[in-house]
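Accompanying notes for the structure given below.
The values are calculated or read from the model by the stated rules, or taken from the named source; none is laboratory data. Note that the structure is a prediction, hence the values are computed from the model and not measured. Methodologically, a virtual Cβ is constructed for each residue, glycine included, from the backbone with ideal geometry; neighbour enumeration extends over all protein chains shown.
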Amino acid sequence: MGWARSALIASGLLASAAHAPAVPDSPLSGRTTSSSGHFVIYSKDAVRRSLIAQRADAARTAWNAKLGPDESGARPIIIQDLIGSVKPRGNPNAVTTIFVGDGGALKVQTCLYDSSVLRGQALSGEIYRALGLEWIYRNHPLKAGKPFRSPPIWLLEALAEEDRLRQDGTPAGVYAALLQSERPPKLEDFLRAKPELMEATSLTLYRTEALAFLKALLGLPEGGRGLGSFLSSLAQEDSDMKSLLAAFPSLGNDPSRLGKLWTLAIARGSAGKGAEPLSVGETSRALKSLLDIFAPPDPKKPKTVAATGAAALSAIAQSDGGPFLMRQKSADLFALEYRAHPLLKPVIAEYRSIAAQLAQKPRKNVSRQVEENGKIFDLLLQRAGQVDDYMNWFEATQLDTLSDNFLKISSPAAPEKRRDALSLHLDEIEDRGW
């Protein structure tokens, strides 16, 4: 089983093309076509509809920068906003699929079920998946009832990681950690990896490896043309080393050469200038953004109430797909920890640990940990605010110029000469030059 197909099974995206749901053109849903004309968005919320259209076009621009502009009349991609509706049991927060529509035409559709998809790179990742599916089957018919092949997971993670870098940046230490570890990365292990099952540290390093791998491929003479050829081949064969080497003839069918280029791309990343550490305020805002989550009350437990922020982690972990979301959240916190202000690093590390524990044991009671860490976070912010207030006061009270009162002080008068016999004798000796 190829990399792409195994990733599809793990994420619940492997579906029969004949049974994929069509998009209802409901009169209750508004419809917007993106500026590029490549996406049709259905949503009851006009603001979200506009946001999704902009984000989709931005992802398309990044995609075309890698593979080249569309020249063969790409089919529109449908994005359906189902946020707030009942999510089918077992479904992830976003599902991208391809199916045979009316008249045998292929349709690519992305359904969004949770507002968390609109934060971070989750939405861009689904758009990249949709663009990849459209590319793979653009010139190849999809037979009804047959499973489809998705773009390789390393490509989707690489593109999403590049988006993340544009917003936050990644210190060179992440790349250095790959090269200095006891077990340097191996290309075979990387291509067989399943990031959807990784814990935070491994997932962060995998994303870095994926971006370096993409840069290594684009640096070859075939570049984006070779990458496009590789994707097109997935309509007929699995994504494996053989199909990858066939799309890049300059490698001479030599996997070891590709491995060396990949390692070199990682080394170049470690030599580059890393992102500057965030200030206390920037770190605080980034952390609050990552913890801007909501868990509705459990209808089976009348005494429960809605939870927000870090307190919602436990409830989300116990929902459908909760462990996967906790792994993703832990990875995002790990990436922030690299760039955080030293004062707040321990707080972020503790939140990351809580998310990692919930990924392993969703029903673990972490309420005390969350409460204590929240108190420490508030105290640290309070102390940092006091330090800032003092420094601002100190700077404001410094005089830029000297006072005239100090300039007007005259030199002190010379003391009177002593006239006693001993003093006169010493003066006489000094006058003689002795």
Among the residues of segment 214-223, count how many are among the aliphatic types (A, V, I, L, M) and without any contact (Cβ under 8 Å) to a residue 60 or more places away in the chain.
3
Only one of V174, V117 is part of a helix (DSSP H, G or I), modelled with pLDDT under 90 and not assigned by TED's automatic domain parsing to the domain that holds L264; which?
V117
I'd like the full set of residues that are over 19 Å from W63 (Cα atoms), in a helix (DSSP H, G or I) and among the small types (G, A, S), limited to segment 184-215.
A200, S202
Do you know which residues across segment 12-47 are surrounded by 17 or more Cβ atoms within 10 Å (Cβ to Cβ), of a type outside the set (V, I, T) and either more than 15 Å from V95 (Cα to Cα) or modelled with pLDDT of 50 or more (or both)?
S29, S34, H38, F39, Y42, S43
Taking the condition buried (at least 19 other Cβ atoms within 10 Å of the Cβ), touching a strand residue (DSSP E or B) at 6+ places or on another chain (Cβ under 9 Å) and at pLDDT 85 or above, does I153 pass?
no
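Say we look at segment 74-114 and pick out the residues that are β-branched (V, I, T) and assigned to a loop (DSSP other than H, G, I, E, B); which of these is surrounded by the most Cβ atoms within 10 Å (Cβ to Cβ)?
The selected residue is I83.
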I'd like the full set of residues that are in contact with a Pro (Cβ under 7 Å, 6 or more places away or on another chain) and part of a helix (DSSP H, G or I), limited to segment 354-395.
A359
Is one or more of the residues making up segment 254-263 modelled with pLDDT of 85 or more, assigned to a loop (DSSP other than H, G, I, E, B), surrounded by 18 or more Cβ atoms within 10 Å (Cβ to Cβ) and over 26 Å from the mean Cα position of the chain (by Cα)?
no
Please list, ordered by first then second residue, the pairs with beta carbon atoms under 6 Å, 6 or more apart or interchain, first in segment 224-241 and over 17 Å from N253 (Cα atoms) and assigned to a loop (DSSP other than H, G, I, E, B), second at pLDDT below 90 and among the basic types (K, R).
L234/R149
